[in-house]
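So the structure is just underneath, and the comments pick up after that.
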Amino acid sequence: MNLIVVTGMPGAGKSEIAKAASDLDVPVIVMGDIIREITCRKGLKPTPTNTRITMLEIREKEGPGAVAKYCIDAILKLNNDVILIEGCRSLAEIDVFQSYCDNLKIVCVHASPNTRFNRLQERKRDDAPTDWESFKERDIRELSVGLGGVIAMSDIMLVNELSLEKFQIICTNTIKELL
């Protein structure tokens, strides 16, 4: 089995490459959805504070690769030649995924902080930061769990400062190259 692991800071555009994969019939597992789901199962709204607490609790109790371990059952059930994992945040998670696949490629999506902040504001998701300060805090939190290491070890870096349409073409071409 081959895994395409997508990483990047919040709002960079990871979901666009996941959508491109899905459009090409590649199954997608979104790690952030797992955190939001666990937060909701605890009876909490998936606010930035609640998802932060949930993410940190899981990693503290179960180790730095814990969120990836939650994905393994879904990966094994899919039983597909290629699967895309969106939202990897640590090298420990990469190690977990690596132990379950033959080939792993890390794709990083990058965008400037201002671009990402504006996108997150437009998204209007429950866990979107409400102001610049909470946005910076979220970035620091993401980096504190090891996201910078995954970004540094990426096999492919996609810079997303283009129009949505142009970036979607880049994403589709990247997935096709990896298949």
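Give K14/K77; K19/K136; K69/K124; K19/K77; K105/K166; K61/K166 a once-over and call out the pairs whose C-alpha atoms are over 32 Å from each other. Walk me through the numbers before you get to the answer.
Values: K14/K77 23 Å; K19/K136 27 Å; K69/K124 29 Å; K19/K77 20 Å; K105/K166 23 Å; K61/K166 42 Å.
The pairs that break the limit, which is 32 Å between Cα atoms, are K61/K166.
Could you calculate the contour length gain from N80 to T49, that is, 0.36 nm times the residue separation minus the distance between their Cα atoms, to one decimal place in nm? Present the calculation step by step, with values, prior to reporting the outcome.
Working: separation 31, 0.36 × 31 = 11.16 nm, distance 3.50 nm.
7.7 nm is the gain from fully extending N80 to T49.
Springs between alpha-carbon atoms under 10 Å, Gaussian network over the chain: tell me which of E86, E122, E137 tops the mean-square fluctuations.
So, out of E86, E122, E137, the one fluctuating most is E122.
Quick one: Karplus J couplings for the stretch 51-65, per residue in order, coefficients 6.51, -1.76, 1.60, θ = phi - 60°, nearest Hz, x for Gly and Pro?
5, 4, 4, 4, 4, 5, 4, 4, 5, 5, 6, 10, x, x, x
With the crude spin-label approximation of a point 7 Å out along Cα→Cβ, what separation in nm comes out for E177 versus S22?
2.4 nm
Picking from A66, Y100, I151, whose Cα lies most toward the positive end of the charge dipole for the stretch 2-174 (charges on Cβ: Lys, Arg +1; Asp, Glu -1)?
Among A66, Y100, I151, the one farthest towards the positive end of the dipole of the stretch 2-174 is A66.
Can you give me the relative contact order of the chain as a percent, contacts being Cα pairs under 8 Å and 6 or more apart? Can you show the working numbers first?
Working: 278 pairs, mean separation 66.9, N = 179.
Reported as a whole number, the value is 37 percent.
Every number here is computed from the coordinates shown, using simple stated rules; none is lab data. It should be emphasised that the depicted structure is a prediction, and the values quoted were computed from it without experimental measurement. Quick reminder, even Gly has a Cβ in these numbers, built from the backbone with ideal geometry, and neighbours come from all protein chains shown.
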